[in-house]
Amino acid sequence: MGFLRIRTTVDERPGRLASLAAALAERGGNILGLSVQPDTDGTVDEFVADIPASPDVVKAALESAGGRRVQVVAANAHELTDEPTRALLLASRLRAAPWRLPDLLVELLRADDARWVYGDAVHDLPDPTLLVVPVAAKRAIKVRRSRLPFTLTEAARAASFVRLAQPPADPAGGEREIRLSDGTEVVVRPLTAIYREAVKDLHDRCSPESRRFRYFTSMPALPPRVFDRLCDRGRGHSLVAGHDGQVVALANLMFTPDPGIAEMAVLVEDRWQGRGLGAALARMLVEGARDLGYAEVRATLLSDNTRMRRLMVSLGATLGYTEDPGVVEARLAVGALV
């Protein structure tokens, strides 16, 4: 029959594994791979075997030897790789390309597919062929494998794998200091409601042209509903840069309905432009998008916004015209960040 992947649950008793191995040997099976995983009601033994017997014959033999919930599926020679080595190679690929997390989870778990899911915290699913792996507060990856249910051990492996793609905890609560090209230091913090008046003052100090480049209109004041949306961590991540008690720049990363894509925008007070602040904030947004698992960041720009166009190109973005001749779209694969 060829290679088979065989999984069965057994009671925790001495000799059970030997009984299963003997049952496979009696059917001409050669065990080429074995893993043992603890579960809620026993131990899950998984074999990769070269065996001439049919799946039905193998299942009946293992059930007679004390196996429960026996499942037998086709396998191939590629599944005979050393599991620790395979996991380490996948971990190395994840560290180099964290935005590929769903694809690499599929490889790790030998699953059928994986996709991002959004919204409130996801509860445990009753379907054992689906595994939801939390990534952030309202982001998770749903992995599907129709042939074999997921075990508790595999869920733990997936959770550990995801942690490799996440940034280390920030002991300063998200606060960062950056030094600009002229040596000036500014402090960058997450946007919260406490900055409402400071952001209002920032808009008052910005020129109509700077506001037009940011909002496509010379919007003299930021509407309260827009400010509240920028503060909503379920819709995106926003940053403010401060110096000497004033907010001098605002940067926004907004989630989109298209999984894997986020949109960014930056507003820098006129007298702070040309000093590297916008570039530093843009880079932070892209790095944040990558850590959240996004594959691409986009920015919609007015054609005459030369400074922002140069900034996006410097990060590695490509520019393309839209249906509106006065508007261009910058697209940046987060893995291309330079």
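The values are calculated or read from the model by the stated rules, or taken from the named source; none is laboratory data. Values in this document were obtained by computation on a predicted structure and should not be read as measured data. Cβ sites come from the backbone with ideal geometry, for glycine too, and all protein chains shown count toward neighbours. Just the protein is used for accessible areas: all its heavy atoms, side chains included, with ligands, DNA and RNA removed. Shrake-Rupley method; radii C 1.70, N 1.55, O 1.52, S 1.80 Å.
What to note about this one:
- Net charge of Cβ neighbours under 12 Å - reference Phe213; Lys, Arg +1; Asp, Glu -1: +2
- Dipole of the chain computed with +1 at Lys/Arg Cβ and -1 at Asp/Glu Cβ about the Cα centre; of Tyr195, Ala249, Ala159, farthest Cα towards the positive end is Ala249.
- Oblate is the label for region 261-323, because the ratio a/c of its alpha-carbon gyration tensor axes (a ≥ b ≥ c) is 1.5 or higher and a/b is not greater than b/c.
- In this structure the chain gives 50 Å² per residue of accessible area when probed at 1.4 Å with all protein chains present.
- Each Cα pair under 8 Å and six or more residues apart adds its sequence gap; the mean of these over the residue count of region 262-331 is a relative contact order of 30 percent.
- Ranked by how many other beta carbons lie within 10 Å on average, peptides 304-317, 281-294 from highest: 281-294, 304-317
- Calculated Rg and Dmax of region 189-278 using C-alpha coordinates, Å: 12.7, 39
- Magnitude of the charge dipole for the chain, about its Cα centre and with charges confined to Cβ atoms of Lys, Arg (+1) and Asp, Glu (-1), is about 420 debye.
- Length-normalised contact order of the chain in % [C-alpha pairs under 8 Å, at least 6 apart]: 11
- The H on the amide N of Val248, modeled in the peptide plane, is under 5 Å from the matching H of Ala241, Gly242, His243, each at least 5 residues off or on a different chain.
- In Å, descending, principal axis extents of the Cα set of region 4-50: 30, 18, 11
- Dimensionless Rg over Rh [the chain; C-alpha; Kirkwood]: 1.14
- Each residue of region 261-276 is assigned a 3J(HN,Hα), and the resulting list reads 10, 10, 10, 10, 7, 9, 10, 10, 4, 3, 6, 9, 6, x, 10, x Hz, derived from the Karplus form 6.51 cos²θ - 1.76 cosθ + 1.60 (θ = phi - 60°), x at Gly and Pro.
- Long-range amide H partners of Ser207 with built H, under 5 Å: Asp270
- Centre separation in Å (Cα based) which lies between region 258-317 and region 15-78: 54
- Extension gain, Tyr118 to Leu88, is 8.0 nm, computed as 0.36 nm per intervening residue step minus the present C-alpha separation.
- Carbon/sulfur fraction of accessible area - the chain, other protein chains in place, 1.4 Å, %: 54
- Amide H to amide H distances under 5 Å link Arg147 with no residue, where only residues 5 or more positions off or on other chains count and H is placed in the peptide plane.
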